[in-house]
Every structure is written in structure tokens, then in C-alpha cells.
Amino acid sequence: MARQIAFNYVEAIQLHNAVEFGLPEVDDRYAIWRVPILSKQKNRIGEIVIDGITTEIDGNRSTAASVLENRLLGRSENAKTGKSSRSDTIPHVSTLRNTIVLGSSESRLEDFPNGSVDLVFTSPPYYNARPEYADYLSYEDYLEHMRKVIRECGRILNEGRFFVINVSPVLIRRASRNEASKRIAVPFDFHRLFIEEGFEFIDDIIWMKPEGAGWATGRGRRFSADRNPCQYKPVPVTEYVLVYRKKTDKLIDWLIRKHPDQESVKASRIQDGYEVTNVWKITPAHSKIHPAIFPLELAKKVIQYYSFVGDVVLDPFAGIGTTGKAAALLGRRFALVERDVKFVDEIKKTVFQWFQIDQQPDVNWIGTDSPENTLLNALVQQELEIKK
């Protein structure tokens, strides 16, 4: 597998016809694989280093594409070619496998290599909407936690790629009849975080739910009874889907024209029936396991509009895996990070149903056993109980 990952890399930088590979070496000190790169004359000209956990290429340890090219051509490595290196002229292609991680995004995302994902789509945990779901010391504390995740996502997001986030204002209910409830404009504070962390604002999409969807919250009932001025509070039936792009001097057209796999670009073309305005009418989804999931339809639209077939889609707050399911159904790879064990257990029950019949599921599990190992452990434990 290490050689195949290495081949995919040199193919992306258009050197695959000029090099060969030596025997991969395991470096236990750093949990990495080293794949020697050889010239056709069997001279070692560099190596590709692969993370043994994520199977993503470590760009800091691997020999740069420009160095490989210079060595193949017998040029001085300081020679000025009059043009930028190949790695600067084509988009990076991630080799990350489908990955599911149990743990907090603030710590787990640090293990992902730079530029290893192509799209981030998520809905962050609500600020104190339900204490059992997410509880922070203060709203400022909540925003700082979110900033750390946005910053790490910016690091591991490929050049010029998109971070799409579903977020809405949060209602903090009053503690007593003598206090007023508060509604916090969360999306606008998130916008500030994205801009400060090096993203460019692209679009604000409005997810509109069917009429009456928000009536159960009780907001607006007082006004409907009394109709007094200043008591007016509309029932919220919308959420924001905010679209940001990682800052780059490359135009979006560069991602399309220079993509190394033009067949994937063709396969990713959007069919008729796409959303033509920034108001998307989508029915909410509900789960007995998770208190706040977004619909599969919403995830599929975002993934179709902002990624190519074969791309890696990350959800740092994966929940029960809706983003991963949508990605798999659309021929993308997924990277899911979730800190709640019961949500990851739910993913284990359904993950292999996400793939097409003709696909061979290939999922890398980090911080938790695979479903096969979980079942095996359960059977072993059952056998031990019987013997007792």
C-alpha cells in the first residue's frame, strides 16, 4: 500500500514515468513509512514519507518535487529554472484514507498533516443549548474552543479549498419569570473568527425549514396571544450555511483546470435541478441518538457544490456521521472526528452501509476499535462468560 500511495504522489507531480521505488522501510520512532525514490539508473534521489496512522504523505519530511526534478535532470538544486516548481502549479491530491477518529477535534486534528483534506463541512456543537450535549464555562470560552478548531482546519485544508459551516443563533432560556431570555447571534461571531484565522468570506446560504418547524420552541406564542407592540418575536425557521475559502492567490478556476485527475472533474459536474439561489428549502432531520443533526440532503448539496469526486471531506464535529455518509454516497472520502463514544458507536452500526455494493469499504479507525474488532471482542467476552 505504501508504494501505491507513493506512486499516486509522483503521478500527481507528473514524475511517475521517470522514477522507480525502493523497498518501503518502517520507522518505528515516528510511526512512519519511508519509500525510497530511485531514478531509472537505480540511483536514490529522495524519499516519500507516509504517516503510518493516517496514511497521508508527510510533506515536511518528504523530498520536495522541485528537488526530485532537479536531481533527475542533473541540475544544481539551487538552479533557477525560470519557472515555479510543479508542486506550485498543480493542486495537491490528498492520499488520506476514509478515517474515523474518536476524540476531541482540538487535539485530534493536530495529527492530520498539512493539506490533507479538500472540504470541511460541519455544524458545531450548540452553545449550552442542551447541557448534556455541550457545556462551556462561558460564551467567550466556547468561541475560543471553536477558534482552535477553525485554525487547525485551516492548516489541514488544501490550498484554495472551502470550509462550509451550518450555524444559527442560540436561544438561552430565562432562568426564572423575572429574567429575560437571550438570543446570541452566533453566526456573526463565527464570521469574525473565520476572517481572523485567514479565510475569505464567499457566501451566506439560508437553510429554510417548512412553515411551522420552529413553533415547538414556544418563541412567538406570547405575541400571538396578546399582539402587543415590542413583544413581537418571529418563529425562527432558518439557519445559516456560511461558506469560506482558505486564502490563496489562486483563482477557483485553477482548481478545475489544473486538477491532476480531469476524469474526476468531469464526473463531478453538477446536474440539472441544482439550487440557483441562496435560499435552500430542506426538511429538518431528527435522531433518537443525537439531539441536533442536519439533514443528509443538506450535506449532499454542500459536498456536491464544493468538492470533486475522490476528494476528502472532513467533519470535525461528526456526530452520528451524516457528513461521512453523504461523502461516501457521492464518491468522496471522509474524515470524521467525534468525541462522544455513543455517537461513534452509532457510526459503527451504519458505516459499511454507506458504500456502494461494488465498493470495498476501507476505513481507518483511530482511538477506537473497528466494528469487526468490537464484534470479535464481544464474542470473546461472551465465550468467557459461558465458560465461567
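Got a sec? Which of 60, 17 is surrounded by fewer than 12 Cβ atoms within 10 Å (Cβ to Cβ) and at pLDDT 85 or above?
When all the criteria are applied, what remains is 17.
Check 54, 63 and return the single one that is assigned to a loop (DSSP other than H, G, I, E, B) and free of Cβ contacts under 8 Å to residues at least 40 places away in the same chain.
Answer to the check: 63.
From the residues in the stretch 20-49 that are under 15 Å from residue 61 (Cβ atoms) and basic (Lys, Arg), which one is surrounded by the fewest Cβ atoms within 10 Å (Cβ to Cβ)?
Filtering first and then ranking leaves 29.
What do you reckon, is residue 274 among the hydroxyl-bearing types (Ser, Thr, Tyr), more than 23 Å from the chain's Cα centre (by Cα) and either surrounded by fewer than 16 Cβ atoms within 10 Å (Cβ to Cβ) or under 20 Å from residue 309 (Cα atoms) (or both)?
Judged against the criteria, residue 274 is not a match.
Applying the selection to the stretch 172-203, what residues are at pLDDT below 80 and either touching a strand residue (DSSP E or B) at 6+ places or on another chain (Cβ under 9 Å) or not assigned by TED's automatic domain parsing to the domain that holds residue 147 (or both)?
172, 173, 174, 181
Looking at (1) of a type outside the set (A, V, I, L, M); (2) at pLDDT below 95; (3) not in a helix (DSSP H, G or I), which is the only condition residue 352 fails?
(3)
Within the stretch 360-372, track down each residue that is over 21 Å from the mean Cα position of the chain (by Cα) and of a type outside the set (Asp, Glu).
360, 371
Taking interchain pairs and intrachain pairs at least six residues apart, which have beta carbon atoms under 8 angstrom, with the first residue in the stretch 1-24 and closer than 24 Å to residue 74 by Cα and the second β-branched (Val, Ile, Thr) and part of a helix (DSSP H, G or I)?
Qualifying pairs under 8 Å: 16/10; 19/10.
For the stretch 192-212: of the residues being of a type outside the set (A, V, I, L, M) and part of a helix (DSSP H, G or I), which is nearest to residue 242 (Cα to Cα)?
Restricting to residues being of a type outside the set (A, V, I, L, M) and part of a helix (DSSP H, G or I), the top hit is 194.
Which of the following residues is modelled with pLDDT under 90, surrounded by 15 or more Cβ atoms within 10 Å (Cβ to Cβ) and out of contact with any strand residue (DSSP E or B) (no Cβ under 7 Å at 6 or more places or on another chain): 378, 292, 326?
Unique residue meeting the criteria: 292.
Just the residues that are in contact (Cβ under 8 Å) with a residue 60 or more places away in the chain and among the acidic types (Asp, Glu), please, taken from the stretch 223-264.
The answer is 239, 261.
The values are calculated or read from the model by the stated rules, or taken from the named source; none is laboratory data. Because the structure is predicted, anything quoted here is derived from the model rather than measured. Using ideal geometry, Cβ is built from the backbone for each residue, glycine included, and neighbour counts are taken over all protein chains shown.
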